[in-house]
1. Could you tell me which residue of the stretch 206-223 is nearest to GLU183 (Cα to Cα), considering only residues that are crowded, with 20+ Cβ neighbours inside 10 Å and without any contact (Cβ under 8 Å) to a residue 60 or more places away in the chain?
2. Have a look at ALA146, ALA245 and point out the one that is of a type in the set (A, V, I, L, M) and touching a Lys or Arg at 6+ places or on another chain (Cβ under 6 Å).
3. May I ask you to list pairs of residues, at least six apart or on different chains, whose Cβ atoms are under 8 Å apart, with the first in the stretch 2-19 being at positive phi and the second being polar (S, T, N, Q) and surrounded by 24 or more Cβ atoms within 10 Å (Cβ to Cβ)?
4. How many residues are surrounded by fewer than 16 Cβ atoms within 10 Å (Cβ to Cβ) and either of a type outside the set (A, V, I, L, M, F, W, C) or touching a Pro at 6+ places or on another chain (Cβ under 7 Å) (or both) when one looks only at the stretch 228-241?
5. Run PRO131 past the list (1) surrounded by 14 or more Cβ atoms within 10 Å (Cβ to Cβ); (2) within 22 Å of ARG173 (Cβ to Cβ) and report the number of the one that doesn't hold.
6. State yes or no: is VAL89 touching a residue at least 12 places away in the same chain (Cβ under 8 Å), of a type outside the set (S, T, N, Q) and either assigned to a helix (DSSP H, G or I) or out of contact with any strand residue (DSSP E or B) (no Cβ under 9 Å at 6 or more places or on another chain) (or both)?
7. Can you list the helices (runs of 4 or more DSSP H) lying wholly within the stretch 147-241 that have 2 or more residues being touching a helix residue (DSSP H, G or I) at 6+ places or on another chain (Cβ under 7 Å) and among the aromatic types (Phe, Trp, Tyr)?
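The values are calculated or read from the model by the stated rules, or taken from the named source; none is laboratory data. It should be emphasised that the depicted structure is a prediction, and the values quoted were computed from it without experimental measurement. Backbone-built Cβ (ideal geometry, glycine too); neighbour counts: all protein chains shown.
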Amino acid sequence: MTQAALVTGARRGIGKAIALALARAGFDIAAVDLEASDELRAVTGEITKLGRKAVALACDISKLDQHDPLLDQAAAVGPLTTLINNAGVSVMSRGDLLDVTPESYDRCQSVNTRGTFFLTKTFARRLLETPSSGHRSIVNITSANALGVSINRGEYCVSKAAASMVSKLFAVRLSNDGIGVYEIQPGFIETDMTAPSRERYDRLIEDGLIVIKRFGQPEEVARITVTLATGMLPYTTGQVIQADAGLLTVRY
């Protein structure tokens, strides 16, 4: 069975690594980002060099009316079997929890939670219209902040905690339809999003905040994603994989 995946937030970082890793695993890829760009087209160029079909698509997942057209366009690579919800935004500015603005809160909710929920719903409905005996999956990339508290970006934490529940809800709803739904909670991964706080995190890591004393790489999250998307964890659904080097492990 030919497999095809839609990967949101695929222009760089974790999303790019996932798109390339899935392509190496035999998936055709619809690579999605907020806007069309040379960076996104470069990703699809790399995928086609691997011998897989690829299309670069622009979509603001917070705009629900863009979801159906996105999935229609993504079908150019073939019937989709996999959705990787990786697109997300951070806070507009870090600071005191008591200074969080409604604008920053709503932005995190609109993209990280609401957009993810409704894109997943629309994708799932389409999967159910075309039954298949092959493995089909939805993988949500959330954050260690779905559980771990970071009071200088509280609105982000709230949105990721809600996104984590989205994963559980759809896992239960779709489990008997042969669709596995999973969640990956990355910790400190070396990306453009974490770069502004790299010096602070490096100190915390050296002081023992995590067990494996280094930043993770996008490619490591991508390997986990491929494992889930290819059905290599049979008889499972709703599992949360904490790719966080022990950040959330209770120690005393």
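1. The residue in question is GLY216.
2. The conditions single out ALA146.
3. Pairs that qualify, where the first residue is at positive phi and the partner is polar (S, T, N, Q) and surrounded by 24 or more Cβ atoms within 10 Å (Cβ to Cβ), are GLY9/ASN86.
4. Qualifying residue count for the region: 5.
5. Among (1) surrounded by 14 or more Cβ atoms within 10 Å (Cβ to Cβ); (2) within 22 Å of ARG173 (Cβ to Cβ), PRO131 violates only (1).
6. yes
7. Ranges flagged: 154-174.
Conditions (1) at pLDDT below 95; (2) out of contact with any Ser or Thr (no Cβ under 9 Å at 6 or more places or on another chain); (3) under 13 Å from ASP244 (Cβ atoms), marked per residue:
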residue	(1), (2), (3)
PRO186	no, no, yes
PRO196	yes, yes, no
GLU199	yes, yes, no
ARG203	yes, yes, no
PRO218	no, no, no
THR227	no, yes, no
THR230	no, no, no
